Amino acid sequence: MDGVNSMGDLQTTVDTFNSVRTNVTEFGHIITACWPLFSSHFSNSRVEFTRRQTNMVAHSLAREATSIGSPIIYL
């Protein structure tokens, strides 16, 4: 899969995932184990931090868009 941008609202997780420094905690080992899977299945992709407020705005817009959607096709 190409070009997937994964976003999370827990900045510590995103920072640890993107860090080049080794994290020797159990959490760091889990992140280290995830890296090869991520890089082999999602080329040209990245993990980014997104503030929860931004996610709520996007969710509200998507919910509104589906409620005003129409099955009518205008030609």
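Say a paramagnetic label sat at a point 7 Å from the Cα of Phe49, along Cα to Cβ; which residues of segment 12-30 have their backbone N under 13 Å from it? Zone members listed by number: 12-19.
Computed from backbone phi with θ = phi - 60° and the Karplus coefficients 6.51, -1.76 and 1.60, the 3J(HN,Hα) list for segment 21-35 is 7, 7, 9, 8, 7, 4, 4, x, 5, 5, 4, 4, 5, 6, 4 Hz; x is used for glycine and proline.
We did not get these values from a lab; they are worked out from the coordinates using the rules stated. The structure presented is a predicted model; accordingly, all values stated were derived computationally and were not measured. Cβ sites come from the backbone with ideal geometry, for glycine too, and all protein chains shown count toward neighbours.
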